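Written below as structure tokens is the structure these notes are about.
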Amino acid sequence: MTAVLDFTMGESAAALRGRLRRMVAEFFPDDFLGAFTDDPADLALTQRFSRLLADEGLLTVAWPREFGGSDGSVWEQTVVREEMWAYHEPRGPQYMGLNWVGPAIMAYGTAEQKAEHLPRIATGETIWCQGFSEPGSGSDLASLQTRAVRTGDHWEITGQKIWTSYAGMADWCVLAARTGDKDSGRRGISLFLIPMDRPGITVRPLRAMLGPHHLNECFFDSVVATDAEVLGEVGTGWSVMKTALAHERVGIARYARCERLLWLLRDVLRHEWDDLDEGVRNEWSGALVQVRVARLLAYRAVERQEGNEMVDLEASQARIASTTCDQQVAEVVSQLLGPRSLLGAAAGAPAHGAFEDHWRYAQAATVASGTIEIQREIVSRELLGRQAVR
Amino acid sequence: MRIALPEAALDFGRVADDVLRAAGGVDLARAAESDPRAAARAQECLAGIGMYDIDPRGCLEDAVAAAELCRVAGGHAVPYPVAAMLLRTSDATPFALVDARQPIIDHALTAGTWTAATLTGELFEAEPDAPVDSKVAPFAMTVRLRPVAGGTASVLDRRLGLLFGAWHLLGFGQRALQLAIEHTRVREQFGHPLSNFQVIRHTLADLSVGLEGLDLLCRFSLWSAFTDGSPSLADALSVRLEAQRVVKHTLRMAQQFHGASGFADEYDISVLVRHAQPGLRLPTDRGATLALLRTAIDEYGFDGPFHAGGVR
């Protein structure tokens, strides 16, 4: 008999959570804050951990068996997303390949593209970046101007991408370029799978509050691409990108790191907790409620996805809650830490700088992978177009 | 994981909604301010759809039906203490949570004697004393409390009192958002419907996020009320806190979007804003709820079922 309501994820998902936590605890030092630091050893560590996950069959839990995955349930996939984000994404830059580049190649790629790319993503061997945003095309992504021109039997791609995460370390790029005329909008965009060492590509890192490696500019100067490197049909890039961005919206389990950090803070401040301002301690409790709300909204989007229902509205609502929760938690944590919130890791920051790191990342939460304003547009269009159906 | 409400509960909610709408919807609440027969009509409607057959303490299935009825009743500002009667302690003795220092009960005249409890479990008999005489609480009365010797309100009763109150507020909030959407779609200023203005669209989007989140938290905490064996009220208090935050803001913004009409009682939003106030403020205001929540989390934690399988 089906339960009236049930908020447990099942035994296999719970066991997976425990297993992942043990692996992270055994593999990473306490001061690990992700791959994107000044110390190249951190990136190398995430690469080794990704291979370990691959060896254990855990890197591609979400993938179908035919492509080297484990056919994991959506709740097992959710557990992986939560645990990885909670512990500063110990898969490092593998996140992008696993979460959407691989699935996009499965859905739209040729047999040759699948054979070339999927095994290497599944084993954590290659790093991917995503060439979408341009200086003139942020939220208005469909206005992108990077051109792919047909020249003989190949394409020549010229243009500039910006805010490209991991570009400096990536082996491959999913590059969005205009193959239609300049006014072709969404219908004139195609995606190319391009190796980053191809002649004509220049990467320039951008100094940013997120730390090194995160933001880059990429210049494409008559970069050659073949027909075999087009993902999907020419001119269908927009629909692939839309699918990719839908994955992104429910892909990052920000609430998981928020919750871990709130409790970590409580532990760090345990000797002075009762003497801290009562109002701020109350807000700490309120922040835990917002974290739970963000979690439940994400679960609802996952449940709808599981039922193959349209999830535009739910995914955007989940993302709005998750990103604003990230910033609320960052603020509560800063208030509880007081001046100590300004200390960086080298200056003896609490929890090796995890809170300072989170505050910086949280500022970008409402911009990265689609601004909160775009999410609000999606939600309001649904609301005004139809009354919510319960 | 099962987040969606069962079809039977949704059906029950739809039937209740149809019946209450046919009886006048918010007009019943409007009428009840001057005519006690409106409350009696509301009671007849609720009895007709089987409200008195629900045993919300008995099992989660019945509790879900009861909660859904509270939500639907909130959407019409039904002038009857639905949650209190669902949790009645005898045929004619409704149950309400109170602040023992300033005991006030909404719709207190429904019964001559009430069972009242504080959030810490002190148990009382309560008798209506005097109307609070306020436009924002037209049916609320101060009550006289008599302690019940040796009596303690059960954890489940206190959880359900908080939860049904939150579901009731959810109904107010959902209806307010619906009214705001309808109004901003048709009301034109500067040659455009209000909903063409981005600041309005984006506010509507944020309100919907708040209400959807509250809806899910309501479901989660109702499930938790029957599955969490500890004496913690943290989950139930968290829903009350979120209901106070979200519904108060939703009502405020929905009223704002109605312009001056929002304060005229011929518009439903004005009635909803006023009649929601007792539920928003009794038995605890947001600050008191938050302080109680922190104490409960200090004592019992707030993990939920989401961390099974390993240490944090």
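Points worth noting:
- Placing pseudo-labels 7 Å out from each Cα toward the beta carbon at residue B:303 and residue A:234 gives an inter-label distance of 5.8 nm.
- Shown for segment B:156-300: the carbon plus sulfur share of the solvent-accessible area, taken with all protein chains present and a 1.4 angstrom probe, equals 52%.
- Theoretical ellipticity at 222 nm over chain B - DSSP helices of four or more residues, -39500 (n - 2.57) apiece, nearest 500: -18000 deg cm²/dmol
- Rg over Rh [alpha-carbon atoms, Kirkwood Rh] for segment A:11-92: 0.98
- Structural descriptor for segment B:95-154: relative contact order 36 percent, calculated from alpha carbon pairs under 8 angstrom and at least 6 residues apart.
- Ranked order, B:302, B:12, B:226 - accessible area, probe 1.4 Å, largest first: B:226, B:12, B:302
- By DSSP, the beta bridges lying fully in segment A:129-235 are antiparallel in about 85 percent of cases.
- Proximal lysine pairs, the protein assembly as shown, alpha carbons under 27 Å, eight or more residues apart or interchain: 6
- Distance from the C-alpha centroid of segment B:131-150 to that of segment A:1-52: 53 Å, rounded to the whole angstrom.
- Fraction of beta bridges assigned by DSSP in the protein assembly as shown that are antiparallel (%, nearest 5): 85
- Rounded to 10°, Cα long-axis angle of helix A:254-268 versus longest principal axis of chain A: 30
- Pairwise FRET efficiency - residue A:274 versus residue B:188, Cβ, R0 = 56 Å, nearest 0.05: 0.50
- Here the convex hull built on the C-alpha positions of chain A has a volume of 157 cubic angstrom per residue.
- Accessible surface of segment A:252-385 [probe 1.4 Å, protein heavy atoms]: carbon and sulfur percent: 50
- Relative to the longest principal axis of the Cα atoms of chain A, the long axis of helix A:74-86 lies at roughly 70 degrees.
- For chain B, complete DSSP H runs whose alpha carbons reach 30 Å or more along their own long axis and whose mean Kyte-Doolittle score is 0.0 or higher are B:155-186, B:198-227.
- Extent along the principal axes, Cα only, for the protein assembly as shown: 89, 61, 51 Å, with the longest axis given first.
- Accessible carbon and sulfur surface of segment B:95-154 relative to its total accessible area, %, 1.4 Å: 54
- Of interest is the spacing of the C-alpha centroids, which for segment A:142-212 and segment A:289-362 amounts to 30 Å.
- Estimated translational D of segment B:156-300 in µm²/s (Stokes, Kirkwood radius over Cα pairs; 4 °C; 1.567 mPa s): 81
- For segment A:129-235, diffusion coefficient by Stokes-Einstein and Kirkwood Rh (Cα), 37 °C, 0.692 mPa s, µm²/s: 239
- Packing-based ranking, highest mean first, of B:161-174, A:265-278 given that Cβ atoms within 10 Å are counted: B:161-174, A:265-278
- Summed over both chains, the contact between A and B buries some 5300 Å² of accessible surface at a probe radius of 1.4 Å.
- Rolling a 1.4 Å probe over the protein heavy atoms leaves residue B:300 with an accessible area of roughly 100 Å².
- Residues of segment A:272-305 buried by at least 40 Å² on assembly (accessible area, 1.4 Å probe, chain alone as reference): A:282, A:285, A:289, A:290, A:292, A:293, A:295, A:296, A:297, A:300, A:303
- Per residue, the average separation of C-alpha pairs within less than 8 Å and at least 6 apart gives chain A a relative contact order of 13 percent.
- Prolate/oblate/rounded call for segment B:95-154, Cα gyration tensor, a/c under 1.5 rounded: prolate
- Chain B, relative contact order [Cα under 8 Å, separation at least 6], %: 17
- Percent antiparallel among DSSP beta bridges (both partners in segment B:95-154, rounded to 5): 80
- In sequence order, segment A:199-204 has phi-based couplings of x, x, 9, 10, 10, 10 Hz under the Karplus curve 6.51 cos²θ - 1.76 cosθ + 1.60, θ = phi - 60°, and Gly or Pro positions carry x.
- Centroid-to-centroid separation of segment B:177-192 and segment B:43-109 [C-alpha atoms, Å]: 34
- Reciprocal of mean inverse Cα separation for segment A:339-388 (Kirkwood radius, Å): 13.3
- Neighbourhood charge, 12 Å Cβ-Cβ cut-off, centred on residue B:162 and excluding it, Lys, Arg +1 and Asp, Glu -1: 0
- Rounded FRET efficiency, nearest 0.05, which uses the C-beta distance separating residue A:48 from residue A:219 and R0 of 30 Å: 0.40
- Percent breakdown of C-alpha pair distances by 20 Å bin, ordered from the shortest bin, for chain B: 34, 58, 9, 0
- Tilt relative to chain A, helix A:354-364 - C-alpha long axis, 0 to 90 degrees, to 10: 50
- Think of it as helices only: each DSSP H run of n ≥ 4 in chain A is worth -39500 (n - 2.57), and spread over all residues that comes to -15000 deg cm²/dmol at 222 nm.
- Projected over every direction and averaged, the convex hull enclosing the alpha-carbon atoms of segment B:51-133 yields 6.0 nm².
- Quotient of C-alpha Rg and 2.2 N^0.38 Å, computed over segment A:312-363: 1.35
- Ranked from largest, the principal axis spans of the Cα set of segment B:7-86 equal 38, 21, 18 Å.
- Taken per residue, the accessible surface of chain A reaches 41 Å², heavy atoms only and a 1.4 Å probe.
- Taken along its three principal axes, the alpha carbon spread of segment A:252-385 comes to 51, 26, 25 Å, from the longest extent down to the shortest.
- Largest to smallest accessible area among B:285, B:235 [probe 1.4 Å]: B:285, B:235
The values are calculated or read from the model by the stated rules, or taken from the named source; none is laboratory data. Bear in mind that the values here come from a model prediction, so they are computed numbers and not experimental data. Note: ideal-geometry Cβ built from the backbone for every residue, glycine included; neighbour counts use all protein chains shown. Side chains are part of the model used for accessible areas, which takes the heavy atoms of the whole protein and leaves out ligands, DNA and RNA. Shrake-Rupley method; radii C 1.70, N 1.55, O 1.52, S 1.80 Å.
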